[in-house]
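Readers should treat all values here as calculations from the given coordinates under stated rules, not as data from a laboratory. Keep in mind it's a predicted model, so treat the numbers as computed, not measured. Cβ placement follows ideal geometry from the backbone for every residue including glycine, while neighbour counts extend to all protein chains displayed.
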Amino acid sequence: MSTLIKAPAPTQTQRMLQRTRSAFTSPKYGPVLVTAILFVVVFIAGGIRYPGFFAGQVILNLFVDNAYLIVLAVGMTFVILTGGIDLSVGAVVALSTMMVASLLQSGVPAVIVIPVIIVATTVLGLLVGLMVHHFKVQPFIATLAAMFLARGLCYVISQSSISISDESFIALAVSRIPLGGGMSITWSVVIALVIVAVAVWTLHRTRFGRTVYAIGGGEHSAQLMGLPVARTKVLVYAVSGLCSGLAGILFSFYTLSGYPLTAIGTELDAIAAVVIGGTLLAGGYGFVLGSVLGVLVLGIIQTIITFEGTLSSWWTKIFIGALLLAFIGLQRVLTRRKT
Amino acid sequence: MSALLARIVSSRLFWPLVMLAVLFLINVIAFPGFFSITVRDGNLYGSLIDILRNGAPMMIVAIGMTLVIATRGIDLSVGAVAAIAGSVACSILLGAPDPADPGTVAIAILTAVLIALVLGTWNGFLVAVVGIQPIIATLILMTAGRGAAMLITEGQILTVNSAPFKVLGAGFVWGVPVAIYLAAGVFLIAVLFTRRTALGMLIEAVGINPEASRQAGVRARGLLFLVYIFAALCAAVGGLILTANTMAADANNVALFIELDAILAVVIGGTSLAGGRYSLVGTVVGALVIQTLVTTVYTVGIPPIITMVFKAVVVTLVCLLQSPTTNEALAAFRRRLALRAGKEAVSV
């Protein structure tokens, strides 16, 4: 005679723990949660260590200083979600700042300059996308070619720095929006946040967005499901081009000049932000908001290094490298457990 | 006759050599004394010698890169490794009481090479043991490596004064620049070890089909370690030559973009980025094409910084030519031609 022992129903706390555990070990949410915790920990540690760190403006400055990087990371997220990579973004940012500066210098009004640049960089992205998809060139090498091209074109425009003196452009760049309490943000933050909102909506509420995730999950299956793989794969590079162009404009808001050597290595920052923000490099998993969080983590490390004062700026690179490694390691562990 | 021609054209070295020949032609037209080599103080001088000497660091890095690419990998960290090697050597020389002492120079070079060995092992570990995609694994060192090099030089540009060290970059032995000997040495080592032993075949096997080669009993792990270590060593030698050339360790700018040039050289040389069959001779020709392109831009009088646009065009063209889509289209075109020729033959 056997008695069935009923397992005790999981209590509320047990269920909570269970849910938390599965959230942390899922490849979808785990890295984002770790990044969020990291951000909070670093912020609190900074606040304890440095006076004046716990200010709203410190947080807002993260957005002000990194608005362009947020936009770049958004574009990069689309590309990495499909399992690709875009190495050209830094050079395209530089090209965009050069075009802004030289067009404004020759007297073209800002209202025309901005759309022209965005269209130009989008077309460049589109060409890269065509190369990647239709000619089966690896994303890495195709975007490398685009990087050379964009950097070279910067030099064709000018070999030295061009400063921006267009009044309406400067007005847009330096005017601040007061938020009360002595805190303020710039228009570039507003633009960046709008882009983030649009990207979130596109990825989660449109067919294009769902196809992006599907391609990352498995290109062949996506094709068999009848999804427009070819179009989407080409378009993500156009999206990245668009974001790079816009990021370049935001960057020129910040520097008010165009210089052919700006933004060297920015592609690495963007990739690092996306990876730290929890997007799987193999594609398929990740969120735009995670990438924003990734940018904020990079920003806060930079801020801490500034507050510390004695640490040199090249420590930033080493920290970014170490973080990148840690998060890639985390991705490996999480995905391995699932398969 | 036409069979021979077809064989020559279908050789992987054909297009890179044509490219090189065209570049030489442009140079000779723009500058008739291009091929002349003069002897001054017993040393050889001339445009060709310059191309070989200035191209040597990139050629060395590209040879290392070829083997990495053959295993389906890529090494983006070579520029950072070159910067670290140069910085280490310079900081040791600066710290030594007598930088001109050959023993000190030997120690400096050996330490730089040893550190490169460690860095290569690190890359190999990430790729072979942890299993991270090579682009990303080496991206980490690419990002952090420049920072580490800056740390070694403490953010300064270290200038040293050491005659024995300078020989690496600007010295001559029997009239030929030392850098050329080093490039030739690295090339010979690579050829001897991969073509005179089974090593090259094993590397190609891993690149063509990792799973099949595993089932055939090829241990990929050791091979991957080996190629990444070799690539890092090549990068260190390249970095030392570049540093010795200027006698200054500039952690931010030494060997900047050398990884791109090296990858470009490999691609032009006909090695596919998808891994598998590789050609070291092709890589050498590819490196020469790039360096000649740079020289051509100078001699023709185009502003040198626009070189990047040319490089972009060359990469794009080569990639499009190598693309399976293009090959299929060409094959279809050839079939159609053959078919038409056949029909004509029948109707006549």
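Structure values in brief
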item	result
Space enclosed by the convex hull of the alpha-carbon atoms of segment B:93-200, per residue, Å³	147 Å³
Local electrostatic count at B:Ala70 - Lys and Arg +1, Asp and Glu -1, tallied over other residues with Cβ under 10 Å	+1
Exercise: per-residue mean of other protein chain Cβ atoms within 10 Å, A:128-140	4
Separation between Cα centres of segment B:120-148 and segment A:119-133, rounded to whole Å	29 Å
Computed [θ] at 222 nm, deg cm²/dmol, chain B (DSSP H ≥ 4; -39,500 (n - 2.57); rounded to nearest 500)	-24000 deg cm²/dmol
Per-residue average of Cβ from other chains inside 10 Å of A:319-326	5
For residues of A:264-276, the mean tally of beta carbons on other chains within 10 Å	2
Student exercise, the protein assembly as shown dipole from Lys, Arg, Asp, Glu Cβ charges, in Debye to nearest 20	2600 debye
Cα centroid separation - segment B:220-255 against segment B:150-185, whole Å	13 Å
For segment A:136-270, with +1 on Lys and Arg beta carbons and -1 on Asp and Glu, the positive-most of A:Gln159, A:Ala222, A:Ser240 along the dipole	A:Ala222
Sorted by Cβ density within 10 Å, fewest first, the residues A:Thr97, B:Thr283	B:Thr283, A:Thr97
Projected label distance in nm at A:Ile48 and A:Ala171, using a 7 Å step from Cα toward the beta-carbon	4.9 nm
Estimated Rh, segment A:57-327: Kirkwood, alpha-carbon pairs, angstrom	18.7 Å
For B:Leu223, net neighbour charge (Lys/Arg +1, Asp/Glu -1) across residues whose Cβ lies under 13 Å away	+3
Mean Cβ neighbour count within 10 Å, used as a protection proxy, ranking A:191-199, A:242-250 highest first	A:242-250, A:191-199
Pairs of Lys in the protein assembly as shown closer than 22 Å at Cα, counting only those 8 or more apart or on different chains	4
Sum of side-chain charges, A:Ile301 neighbourhood, beta-carbon under 14 Å (Lys, Arg +1; Asp, Glu -1)	-1
Cα extents of segment B:280-348 along the three principal axes, largest first (Å)	57, 28, 20
Sorted peptide list for A:18-31, A:130-143, B:107-120, criterion being average Cβ within 10 angstrom, highest first	A:130-143, B:107-120, A:18-31
